[in-house]
Each structure stands twice: as structure tokens, then as C-alpha cells.
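Chemist: Submitted below is the structure of interest, expressed as C-alpha cells.
The values are calculated or read from the model by the stated rules, or taken from the named source; none is laboratory data. Small disclaimer: the values here were computed from a predicted structure and weren't measured. Note that each Cβ is placed from the backbone with ideal geometry, even for glycine, and that neighbours are counted across all protein chains shown. With ligands, DNA and RNA removed, areas are computed over all heavy atoms of the protein, side chains included. Shrake-Rupley method; radii C 1.70, N 1.55, O 1.52, S 1.80 Å.
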Amino acid sequence: MLVILIHFAARRLFMPPLSSADRLCAQALFVDHQPWLLGRLYARVRNRAQAEDVVSETFVTVIGQVELPAIREPRAFLTTVAKRVLYEVWRRRDLEQAYLNALAQLPEHHAPSAEDRALLLEALDGISRALDGLSDKARRAFLMSQLEGLTYLEIAAQLNVSHGMVRKYMAQGWRACALAGQA
């Protein structure tokens, strides 16, 4: 959860300043809808701190990326953004848990430092986001190759595709990772 909070705080630091009109609009949006959104999220996650984090990130996202006066249905819009933020929190938590489970199986002298863990989690999150844009078969092919060490022929047999298609999937995976590394 600490990594998620650091990510949210970093996003807030790099937001451009709002005009006075946008600031008033943002303030009204927050005052009018924050308690409602917090209650809705708390009912879903049953964790006040997590609900507050998601609400905060939702408003940061909306204020930083949307022309506020253009929002016609604020509650529907905030609900959609909050669902996306919550999905990201859950996805990152699941990724972090899988990583921690893998670490727990390592001998103690092979365990990475806390700093290395944070860097690895950040890298895993970036790779996960990059691969989310791929088709299911392309993502599976890439992961079979990189995580399981399968050959292209073995992957082709498991996915019931040609060797050439596996090569194409791998190129897509590497391209997605390279583009994510540039962002």
C-alpha cells in the first residue's frame, strides 16, 4: 500500500496549477460529491483508508485531466473514474502479493533489499501495464516465454497457433515493454 501512496503523491506534485475558475469548479465538485463517493467506495471495499485513497486519487485524476465545467453527470463520471482507480489499486496489490509470495520462497540470503524490492515492484507494474494492451494470446505467449522459459514451438503448440504467430506475439510484447520503458 505504501508504494501506491507514493505513486499518488508523486502525481499530485506534477499537476499543473489550476485557473481560478477551475479551482472554484474543482472545489464545488469535491464539496458536493466527495462524501457521497467516499460512502459508496467504503461500502464496496470495507476499508476506510483504502476508500479515502481511491477518492483522493479519483479527484486528482479528474481535476488533472478533465475540463471541469464540461462534466454533465458528475456522479456517474466520478463513479467511472473511481472504478478505474480501484481496479488499478487491486491490480497492483495482486501483483505485489504475487511478488512477495515468490520472494518468500527464496532462501533468506537471496532476498533483495527493501530498495530493490520497491524498484522491482515498480518495474513489474510497468511491465504489467504494458502487457495489458496486448491481446490475450500475445500476453500469454510473452509470459510463457519469459516466465516459464518455453520455446516458441512449445508456445505455439499450447496456444494452437503457428510458430510465426508466436514470433509476432513476442515482437508485440517486446515492443510494448520498450514503449513502456520510454514513458
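Chemist: Restricting attention to the alpha-carbon atoms of the chain, what are Rg (one decimal) and Dmax (integer), both in Å?
Modeler: Cα-based Rg and Dmax for the chain come out at 20.4, 61 Å.
Chemist: If you don't mind, there's one more thing I want to ask. Calculate for the chain the 222 nm mean residue ellipticity that helices alone would give, adding -39,500 (n - 2.57) per DSSP H run of length 4 or more and normalising by residue count, nearest 500 deg cm²/dmol. Don't skip to the end; give the middle numbers.
Modeler: Values: 8 runs with 147 residues, N = 183.
Using -39500 (n - 2.57) per qualifying helix, the result is -27500 deg cm²/dmol.
Chemist: If the convex hull of the alpha-carbon atoms of region 84-183 is projected onto planes in all directions, what is the mean projected area in square nanometres? All intermediate terms of the calculation are to be shown ahead of the outcome.
Modeler: Working: hull surface 30.1 nm².
Answer in nm², one decimal: 7.5.
Chemist: Taking the 0 to 90 degree range and rounding to the nearest ten, how far is the long axis of helix 2-13 tilted relative to the main principal axis of the chain, both from C-alpha atoms?
Modeler: Roughly 50 degrees between the two axes.
Chemist: Tell me, what ³J(HN,Hα) does each residue in region 25-34 have, in order and in whole Hz, if you take phi through Karplus 6.51 cos²θ - 1.76 cosθ + 1.60 with θ = phi - 60° and put x for Gly and Pro?
Modeler: With the stated coefficients, region 25-34 comes to 5, 5, 4, 5, 4, 5, 4, 6, 10, 4 Hz.
Chemist: Using only Cα atoms and rounding to the nearest 10 degrees, what angle (0 to 90) does helix 136-148 make with the longest principal axis of the chain?
Modeler: Roughly 60 degrees, rounded to the nearest 10.
Chemist: Taking the Cα centroid of region 56-96 and of region 164-179, what is the distance between the two, rounded to the nearest whole Å?
Modeler: For region 56-96 versus region 164-179, the Cα centre distance is 30 Å.
Chemist: In whole Hz and in residue order, list the ³J(HN,Hα) couplings for region 106-121 that follow from phi through the Karplus curve 6.51 cos²θ - 1.76 cosθ + 1.60, θ = phi - 60°; x for Gly and Pro.
Modeler: With the stated coefficients, region 106-121 comes to 7, x, 4, 6, 9, 5, x, 5, 4, 5, 5, 4, 4, 5, 5, 4 Hz.
Chemist: Leaving out ligands and nucleic acids, note down the accessible area per residue over the chain with a 1.4 angstrom probe, in whole Å². Don't skip to the end; give the middle numbers.
Modeler: Values: 11700 Å² over 183 residues.
With all protein chains present, the chain gives 64 Å² per residue.
Chemist: About the Cα centre of region 58-183, what is the dipole size in debye to 20, counting +1 per Lys and Arg Cβ and -1 per Asp and Glu Cβ, all else neutral?
Modeler: Details: 15 positive and 14 negative charges, 116 e Å.
Here the size comes out at about 560 debye.
Chemist: Relative to the longest principal axis of the C-alpha atoms of the chain, give the angle of the C-alpha long axis of helix 74-104, reported between 0 and 90° and rounded to the nearest 10°.
Modeler: Approximately 40 degrees, to the nearest ten.
Chemist: Considering every Cα-Cα pair within region 55-126, what fraction, in whole percent, is farther apart than 19 Å? Could you put the intermediate results ahead of the total?
Modeler: Details: 1307 of 2556 pairs.
It works out to 51 percent of all Cα pairs.
Chemist: Might you report the magnitude of the Cβ-based charge dipole of region 110-183 about its Cα centre, with Lys and Arg at +1 and Asp and Glu at -1, to the nearest 20 debye?
Modeler: Charge dipole of region 110-183: 380 debye, to the nearest 20.
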